[in-house]
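One structure is given here, and the rest of the page talks about it.
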Amino acid sequence: MATGRTEEIFGNSELPPSLKVLQCGRLVHAKALLPLRYLQRLDILNCLSTAEELLRLSSLTALTHITICYIDSFDRNPELYASYSYDDDYELTPDAASAAWPALASQLRVLHIEDDRGSDPDVKPYQLSAAAVAALGSLTALTSLQLHHLQCPEVQPQQLAAALRRCTALQVLDLGHLELHWGPVQGLTGDADADAALLDAAEVRGMQVVAAGIASLPCLQKLALCRLPVDMHAAVALAAAAAGTRLMQLSMDRCDVPDCAMSALALWLTNLRSLELKHCDVGDGALPALARLPLQRLNLDNCEFSHAALDLFLPRWKALRAAPVV
């Protein structure tokens, strides 16, 4: 089969040497792939490889497109981990595997890391170290990046922003539920409510820095943010740099987005065709600016908009909600 195949890849797997496209549910050992000298595209939907195994992929000279996904691997495959002799599960995490990313910089096109097991107190969520984020910045051919439900306690917003700036080929960026070292917090008192406000303010300032990094991406077409604050300063950083660029789809879920910030985005992102706002605190004050956008799809779910204002400023809002994804 020369055009495509979906497999579970283990050390003793045998594959047709003429394969050009391969999609594998799990990849543990790269040995079975090394004879595939015609392989051009490899999609790893559930990566369970160490950095050492991933490094072996760099010998496949015809390989120009690699997709690597880490999505809840430990939780979905507990029996698999029990069968290997690794000293620590850490060797299978994206943080450990990131040591191989720079060697695959010209081949790695899609990187998705998502861990939504935070509700399980017995499971340690994925973490990304500052070294892993720096390795991320080496992926200059990357076109799609998703980082969700990650703990990055030693990563500062400046480091994430610097890494994003170097990923100049990015077309799709999805960031959500990121626990960074958002910045120094002064005046903590031990009072939960008072300290929460100070911590939230630090996250807002940190997100302003990340937004500036996002804004520098020249090829970005789709941007999704989840549980991240987008205040007026962050919105202006995103909007001003992105004005006239290719950004066509914007999605925000459970983000703190005041009306003024949404208005700034709407006034500058003139090429926006699809807008999705879910569980955001944006409301009627942003509608005059939103009404100017050439939207082909609009999904407003559990926000602060009133039906009366929507009917006045966006009389087609119901039809836009039912429109297919752009």
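The values are calculated or read from the model by the stated rules, or taken from the named source; none is laboratory data. Nothing here was measured: the structure is a model prediction, and the numbers come from that model. No Cβ is skipped: glycine too gets one built from the backbone with ideal geometry, and neighbour counts run over all protein chains shown.
Okay, residues lined up against (1) closer than 22 Å to His148 by Cα; (2) crowded, with 21+ Cβ neighbours inside 10 Å; (3) in contact with a helix residue (DSSP H, G or I) (Cβ under 7 Å, 6 or more places away or on another chain):
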{"position": "Ala215", "(1), (2), (3)": "yes, yes, yes"}
{"position": "Asp281", "(1), (2), (3)": "yes, no, no"}
{"position": "Ala286", "(1), (2), (3)": "no, yes, yes"}
{"position": "Pro294", "(1), (2), (3)": "no, no, no"}
{"position": "Ala308", "(1), (2), (3)": "no, no, no"}
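Scan segment 199-239 for residues that are charged (D, E, K, R) and farther than 17 Å from Leu250 by Cβ and jot them down.
Let us first name the residues in segment 199-239 that are charged (D, E, K, R), namely 200, 203, 205, 222, 227, 231.
Matches in segment 199-239: Asp200, Glu203, Arg205.
Exactly one residue out of Cys260, Cys219, Cys255 is at negative phi and buried (at least 18 other Cβ atoms within 10 Å of the Cβ): that is Cys255.
Take Asp43 and decide whether it is surrounded by 13 or more Cβ atoms within 10 Å (Cβ to Cβ), among the acidic types (Asp, Glu) and either within 22 Å of Leu142 (Cα to Cα) or at pLDDT below 85 (or both).
Yes, satisfied.
Per-residue answers, yes or no, for (1) under 16 Å from the mean Cα position of the chain (by Cα); (2) modelled with pLDDT under 90:
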position	(1), (2)
Leu220	yes, no
Arg246	no, yes
Met252	yes, no
Asn271	no, yes
Ser274	no, no
Asp284	no, no
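Consider Asp301 carefully, then state whether it is surrounded by 14 or more Cβ atoms within 10 Å (Cβ to Cβ), of a type in the set (D, E, K, R) and in contact (Cβ under 8 Å) with a residue 12 or more places away in the chain. Lay out the reasoning, then the answer.
Working: surrounded by 14 or more Cβ atoms within 10 Å (Cβ to Cβ): no; of a type in the set (D, E, K, R): yes; in contact (Cβ under 8 Å) with a residue 12 or more places away in the chain: yes.
Judged against the criteria, Asp301 is not a match.
For segment 181-193, the condition of being surrounded by 22 or more Cβ atoms within 10 Å (Cβ to Cβ), modelled with pLDDT of 90 or more and more than 20 Å from Met232 (Cα to Cα) holds for none of the residues.
Of the residues Ser119, Ser106, Ser98, Ser85, only one is assigned to a loop (DSSP other than H, G, I, E, B), at pLDDT 90 or above and out of contact with any strand residue (DSSP E or B) (no Cβ under 8 Å at 6 or more places or on another chain); which? Outline the logic, then answer.
On the way: Ser119 fails: at pLDDT 90 or above; Ser98 fails: assigned to a loop (DSSP other than H, G, I, E, B); Ser85 fails: at pLDDT 90 or above.
Testing whether each residue is assigned to a loop (DSSP other than H, G, I, E, B), at pLDDT 90 or above and out of contact with any strand residue (DSSP E or B) (no Cβ under 8 Å at 6 or more places or on another chain) leaves just Ser106.
In a helix (DSSP H, G or I), on the phi < 0 side of the Ramachandran plot and either over 13 Å from the mean Cα position of the chain (by Cα) or at pLDDT 95 or above (or both), is that true of Leu145? It is false that Leu145 is in a helix (DSSP H, G or I), on the phi < 0 side of the Ramachandran plot and either over 13 Å from the mean Cα position of the chain (by Cα) or at pLDDT 95 or above (or both).
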